[in-house]
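The values are calculated or read from the model by the stated rules, or taken from the named source; none is laboratory data. Bear in mind that the values here come from a model prediction, so they are computed numbers and not experimental data. Glycine also receives a Cβ, built like all others from the backbone with ideal geometry; neighbour counts cover every protein chain displayed. Surface accessibility is based on the protein's heavy atoms, side chains included, excluding ligands, DNA and RNA. Shrake-Rupley method; radii C 1.70, N 1.55, O 1.52, S 1.80 Å.
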Amino acid sequence: MSETTTMPLGKALNAGLRRALSENDRVVLTGEDIGPLGGVFRVTEGLQAEFGPQRVVDTPLAESGIIGTAIGLALAGFRPVCEIQFDGFVFPGFDQITTQLAKFTNRHEGAVSMPVVIRIPYGGHIGAIEHHQESPEAYFTHTAGLRVVSPSTANDAYWMIQDAIASDDPVIFLEPKAKYWQKGEVDISERAIDLHASRVVRRGTDVTLVGHGAMVTTLLQAAALAEAEGTSCEVIDVRSLSPIDYAPILDSVRRTGRMVYAQEAPGFTSVGSEVAATVTERAFYSLEAPVLRVSGFDVPFPPAKLEGVYLPDPDRILEAVDRALAY
């Protein structure tokens, strides 16, 4: 029997972390200000008081040290969960992630596992300054040896963080910071879907809209507006950026014949680029129009006053839908 409750996405992450800490004493949280403060976004609020400073560890401001220490903890049999305070702060730890963490298991021919989770709040919509509103997912999906996932709902956040911690591979866990306060139903008794499965969140017949993270909400808004104009859009939440579950996407495109991918990140060599190329390769004869992409522009994330121009909105997505239907 399902047991559901309503909570914001950030609180769902907190609940998922609490459950993981309770069920496995080898789970350790590390990061800047995650202890008494509970992190900038309060995702770890109350966890140090409950589990102690040996398991919820406030670290120095040193991302390379945070990741390097996590690798050592994993070698010692722990399951570390690192918090990177903001997306743009991950780059001082980038060398550790890409040259050590991602390659360690392959280097040892599978004899050593790296059960490390790196939590990264990412994306825009919060009116922040430089280095605080970025979408670095393509760097990590391009790096073999990493799993990369991003929840868009509270229920996904609750279960996906636990599944990521249970993984024996390193997981980059991208949290859409704009959705930390968005409430949703959480079934705390049973997970609905696998960590790496894509999900159809709205059925439609004319155009397939695909995206991840915070953009899923925008796609749903665009689909609702399109319906009012007589266009039926199917919406798919990718959820896992590496590996990608293409089955629901291809099934949808083969029915609709048209697809639009939307993302906050710049479009050049991005997740959207990869999905567009793969769908074109695998469903070419089903397409009635080219796969179109709507993305952030290929420039650094702008000052807060311009983020509304930079970030895709329902209007830009609907313009792409109209172009797809015009073919």
**Report entry** Checklist (1) part of a strand (DSSP E or B); (2) open to solvent by 40 Å² or more (accessible area, probe 1.4 Å) applied to Val28, failing item
**Finding:** (2)
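So that you can scan it fast, the table gives a plain yes or no per residue for (1) farther than 20 Å from Arg119 by Cα; (2) within 14 Å of the chain's Cα centre (by Cα); (3) assigned by the TED database to the domain that holds Ala166:
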residue	(1), (2), (3)
Tyr180	no, yes, yes
Ile193	yes, no, no
Thr205	yes, no, no
Gly213	no, yes, no
Val216	no, yes, no
Leu220	yes, no, no
Ala224	yes, no, no
Glu229	yes, no, no
Query - Count - residues of segment 289-302 that are without any contact (Cβ under 8 Å) to a residue 60 or more places away in the chain and surrounded by fewer than 13 Cβ atoms within 10 Å (Cβ to Cβ) - result: 2
Report summary line: With the first residue restricted to segment 103-128 and required to be under 25 Å from Glu307 (Cβ atoms) and in the same structural domain as Val43 (by the TED database), and the second required to be of a type in the set (Ser, Thr, Tyr) and open to solvent by less than 40 Å² (accessible area, probe 1.4 Å), Cβ contacts under 7 Å at 6 or more apart or on different chains are Tyr122/Ser135; Gly123/Ser135
